[in-house]
């Protein structure tokens, strides 16, 4: 069987980590932050904490990536720490909820912004989303060199667009007409802790994606060095950019208007430019397009790794002889994302659903570092400083988020848990099939 080609460098992986984070979330979700935390200082604090949490996770994952420098990322960590069932359930959730759900929602969001320029019907939006996902899947089948160039191009474009919004906001800061409350000692919101944890739904959604660099470790040059660097650089850059652009929103919009905005970036620019809505629609369209391209490339490596272990459909391990990419896994993902688009038709409804399940498994993967340290598996790779403080702090915050979301947003959370439990009998079906196959040989 052919192996994946090792061509990804630190710059390419960093752009993939950044590009997987910066999608549509930062242009929409800061409004929700202001709803849960009606105070500029605490709203910004939620994003700073979210960035710190992501950085702590990236530092932990840097050691995990050095311990297992191969394709599959979180799936590989869970499988080696807790067994095949844990690894399978992660791939199951990534396929049925996290990645395909995000792809479906992003595709529909992109169609919505295209509708700003070209009026299209509801049914047409679904088909536009499907066509975009399939087109980008085909592009990524042509190889990671193409994907690396693609990720760098669109990540560069979206960062340039975000820098423009930041510049506009900072330019107008000296003439701002409304109050910006940054003092954390005044007007403290009620239920502050719960508000911050609920705000994390949008924060973690927008921050999510930095670990996608680990999915491509099997195609990275010197992965023990390049993958950790990419995740650390990526989280630092994304956090800095996010805090600055949210501050720009606060400069351009009063707090109540920001909290009620459905397209906060567009409303912020519209406050100073009559064509602000159109400008930001172009920005968001470029950002979403690039993020879909990255997602169609990275997650299929999980299904590929699972199929290689004979605990998923065997055809998902097939590699293109010409392009050296897991093309069948990529096509499989595109098919399921298309089905979800036809079934759902909404971006907002699935944010909590997707983020909740993603954080559950990110916390579980983070805890695997304790298992590997005990086994002393990482002898020569990157070692996490301040162990075990960093993974413990990450786990405390993420577990608090999971529990609070179960209580406050129980419908979305329990549906996710039901789908997770459904994966258990599916796993035993594949395991028994594998045993039967081995006994016959």
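Tabulated values for the structure
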read-out	value
Percent RCO, i.e. relative contact order, over the chain, from Cα pairs under 8 Å lying at least 6 residues apart	35 percent
Theoretical ellipticity at 222 nm over the chain - DSSP helices of four or more residues, -39500 (n - 2.57) apiece, nearest 500	-24000 deg cm²/dmol
Simple label model, 7 Å out from Cα along Cβ direction - residue 310 to residue 342, nm	3.5 nm
Residue among 287, 367, 206 with the largest mean-square fluctuation in a Gaussian network model of the chain, springs linking Cα atoms under 10 Å	367
Pairwise FRET efficiency - residue 124 versus residue 278, Cβ, R0 = 22 Å, nearest 0.05	0.60
Segment residue 436-residue 181, length gained on full extension (0.36 nm per residue, minus Cα span)	85.3 nm
Calculated FRET efficiency for the pair residue 429/residue 11, C-beta based, R₀ 41 Å, to 0.05	0.45
Among 12-21, 242-251, the order from most to least packed when residues are scored by Cβ within 10 Å on average	12-21, 242-251
Virtual spin-label span in nm between residue 222 and residue 191, 7 Å along Cα→Cβ	5.1 nm
Residues of the stretch 407-439 with amide N under 15 Å of a point placed 7 Å along Cα→Cβ from residue 85	420-432
The stretch 296-441 shape via C-alpha gyration tensor axes, a/c threshold 1.5	oblate
Residue 172/residue 48 FRET efficiency (R0 25 Å; Cβ-Cβ; nearest 0.05)	0.65
Ranked 11, 375, 301, criterion: other C-beta atoms within 10 Å, fewest first	375, 11, 301
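We did not get these values from a lab; they are worked out from the coordinates using the rules stated. Just so we're clear, the structure is a prediction, and the values are computed from it rather than from any experiment. Neighbour counts are summed over all protein chains in view; Cβ atoms, including those assigned to glycine, are modelled from backbone coordinates with ideal geometry.
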